[in-house]
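The values are calculated or read from the model by the stated rules, or taken from the named source; none is laboratory data. None of these values were measured; they are calculated from a predicted model. Note: ideal-geometry Cβ built from the backbone for every residue, glycine included; neighbour counts use all protein chains shown. Just the protein is used for accessible areas: all its heavy atoms, side chains included, with ligands, DNA and RNA removed. Shrake-Rupley method; radii C 1.70, N 1.55, O 1.52, S 1.80 Å.
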Amino acid sequence: MANALRGVAVRLHAASPSLRETELILRLIGVGRSFQAIFQWGSSTGQQCLQPAFVPENTALVQPTRTLCVLVTVKPKRAAVDETAVKINGEWSWLYAAIDLDTKLLLDVQLFKRHGTDPAAAFLHGVVEKHDCEDTVFLVDQFGYRTSLSRLGLSGRVDYTDRNLIEKWFHTLTMRVDRFHNSWVGSRLSVRQCLVLFVHYYNFQRPHQALDGRTPVEEVN
């Protein structure tokens, strides 16, 4: 029964609800489990991300494949934002990411089927929903971000030096997840599952030399 319940919770969260939404749905059917427990279940079954998952997709062009990033909310002073192109089954998608320059905490990661002003605005909206960004300065390039920041009423500036940290993160991702070197074979859901695990590894487990061997979560706390 416990294994069946765990499987239902992990698959439910993978379908798109957030951890807290998954917790609420489980409570509606009489199952009391915290969102932290659901996260641990997902992490413990993470090897499934290495297997192709054949799941129908009804995702709109600018709707992201949602990914879990952190279980903490931060108030970044400066955040670097960028996107990179990845191939999934031979077709290009764009992976957006944002990182706190001070704590090195990865703030959010989302996968879109195209790039430009609308996906950039949707991504930035997701970041400010998860974190306290009232005083955050977003460091961006000029491709769609300046318009997106203005649309959302966010502060930002074009920067090609300090925002290199997010480009280094993309490099770390492709080095660690070799299936991104060419074309990912499998569903977008399987990509999402691997991103969930890698973000958790980067924020919670990977020590950073710039943080004197601490992880980003340890630096936040």
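So which of SER183, SER190, SER155 ends up being among the polar types (S, T, N, Q) and buried (at least 20 other Cβ atoms within 10 Å of the Cβ)?
Numbers: SER183 fails: buried (at least 20 other Cβ atoms within 10 Å of the Cβ); SER155 fails: buried (at least 20 other Cβ atoms within 10 Å of the Cβ).
Step by step, each of SER183, SER190, SER155 is checked, and only SER190 is among the polar types (S, T, N, Q) and buried (at least 20 other Cβ atoms within 10 Å of the Cβ).
Right, PHE143: under 21 Å from PRO119 (Cα atoms) and in a loop (DSSP other than H, G, I, E, B) or not?
yes
Taking the criterion of being within 27 Å of ASN182 (Cα to Cα), hydrophobic (A, V, I, L, M, F, W, C), in a helix (DSSP H, G or I) and open to solvent by less than 20 Å² (accessible area, probe 1.4 Å), would at least one residue in segment 67-74 satisfy it?
No.
Does PHE138 count as buried (at least 23 other Cβ atoms within 10 Å of the Cβ) and part of a strand (DSSP E or B)?
yes
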